[in-house]
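The structure appears right after this line, and notes come after that.
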Amino acid sequence: MGNHSDGSPNHSGTVATAGQNEVEKFQDPGLPPHRLRLADTDPVAAKRAERQVAILFGISVIGTLVFLVAYFAIDLGDDTSIATIRTQNLLLGLGTAFAMLGIGTGIVHWAKALMPDHEVSEERHAIRTEDDRQAAVRIVDDIIEETGIKRRPLIRNTLLGAVALAPLPALAIFGDLGPRPDDKLAHTMWAPEGGKLKRLTRDPDGTPIKASDVTIGSAFHVIPEGLNELHEGKLNEKAKAVVLLMRLDPNSLNPSPGRENWGYNGIVAYSKICTHVGCPVALYEQQTHHLLCPCHQSTFDLTQECKVIFGPASRPLPQLPIAVDAEGYLVATSDFKEPVGPSYWERDEHERLINS
């Protein structure tokens, strides 16, 4: 083994020690020799690369136009078929992909094929004096000059066109968000109309449900009376109003003060919309009286007013107050006392409004 304690510049095991100021710890390897690209030496190759960059920017423009045509030309009405919706989604996705891909690959190819690729190292220093500011301005001017954008109008014009059209799909999507919902999320179709209480009906046929139809251990998927007669906004109203109806032994229920009359002889109704992210709570375990959301396994205890006992949901399922009318049919005595579904910005305000 070599003697490392006596290292010097003349030995292969040189180690810098105190007092050997002339010895460097690491030698600067320097930069490798610069290799010219084909576009640097051949004007024909440079022109070809310029056309390739312009074509990529042109692809971006075409992608944006495809998106806009698919968005505005394909009309989605109430009778629109699934095939039409899939076609529009396909064109929207392809248009957005080519719009972004064209700009990205065009800029990368421009930088690799045409912009100067010399490696330069420079000490970093603070810009404070006017001379330093002028030097910074000159650096920016040099960068612009090196890009060649001034002497390559084809690239410049296609880039400007692609960049100008690229935000249009986003603007179209933002414009389709529609008006503010205001307090629409706080109310459902269960609210009485003209003093008439809404009957609970089976989903999806809309058949009214009698209390005698609901046996212990059974579960019904329920929608409000009149929902199937809607011509506009039916799905939105159903998404807020769907309910699970179940019957338990009345002795197993533990209603809180003020909720003793929200059920009828062990029959209770709760919102089907999970308070986590809005998935449908469609699984009822008869033996444990648990409701399970299949999306993220939030579990609600029916005997404790659908309190969350497992999973990411943070609030119990809202309960729908119900009673029986003179003909024996189950009816909702009021709307939900709190907004259904997951959290949103105005939820607390809407809950105070409902209970005021």
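General remarks:
- Every residue from region 304-356 that is of a type in the set (Ser, Thr, Tyr) and open to solvent by less than 40 Å² (accessible area, probe 1.4 Å): SER334
- In the set (1) more than 16 Å from GLY341 (Cα to Cα); (2) assigned to a loop (DSSP other than H, G, I, E, B); (3) among the hydroxyl-bearing types (Ser, Thr, Tyr), the condition left unmet by THR303 is number (2).
- Scan of region 165-209 for residues that are free of Cβ contacts under 8 Å to residues at least 60 places away in the same chain and open to solvent by less than 40 Å² (accessible area, probe 1.4 Å), ordered by number: MET189, THR201, GLY206
- Cross-chain or 6+ apart pairs with Cβ under 9 Å, region 218-243 first and among the aromatic types (Phe, Trp, Tyr) and modelled with pLDDT of 95 or more, then crowded, with 16+ Cβ neighbours inside 10 Å and assigned to a loop (DSSP other than H, G, I, E, B): PHE220/ASP203; PHE220/ILE209; PHE220/VAL214
- Of everything listed in (1) at positive phi; (2) open to solvent by 30 Å² or more (accessible area, probe 1.4 Å); (3) not basic (Lys, Arg), the single unmet condition for SER212 is (1).
- With respect to the conditions (1) part of a strand (DSSP E or B); (2) under 34 Å from the mean Cα position of the chain (by Cα), ARG199 falls short on a single one, namely (2).
- If the condition is being surrounded by 14 or more Cβ atoms within 10 Å (Cβ to Cβ), polar (S, T, N, Q) and farther than 12 Å from ALA162 by Cα, then region 61-95 contributes THR84, GLN88.
- Residue list for region 211-270, restricted to those being hydrophobic (A, V, I, L, M, F, W, C), outside any strand (DSSP E or B) and touching a strand residue (DSSP E or B) at 6+ places or on another chain (Cβ under 9 Å): ALA211, VAL214, ILE216, LEU227, ALA239, ALA241, VAL242, LEU248, LEU253, TRP262
- For ALA282, the requirement of being surrounded by 21 or more Cβ atoms within 10 Å (Cβ to Cβ) and of a type in the set (Gly, Ala, Ser) is not met.
Yes or no, residue by residue, for (1) of a type outside the set (A, V, I, L, M, F, W, C); (2) in contact with a helix residue (DSSP H, G or I) (Cβ under 6 Å, 6 or more places away or on another chain):
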site: GLY63; (1), (2): yes, yes
site: VAL66; (1), (2): no, yes
site: TYR71; (1), (2): yes, yes
site: ASP79; (1), (2): yes, no
site: ARG86; (1), (2): yes, no
site: LEU92; (1), (2): no, yes
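The values are calculated or read from the model by the stated rules, or taken from the named source; none is laboratory data. Note that the structure is predicted; figures quoted are calculated from it, not measured. No Cβ is skipped: glycine too gets one built from the backbone with ideal geometry, and neighbour counts run over all protein chains shown. Only protein heavy atoms, including side chains, enter the accessible area calculation; ligands, DNA and RNA are left aside. Shrake-Rupley method; radii C 1.70, N 1.55, O 1.52, S 1.80 Å.
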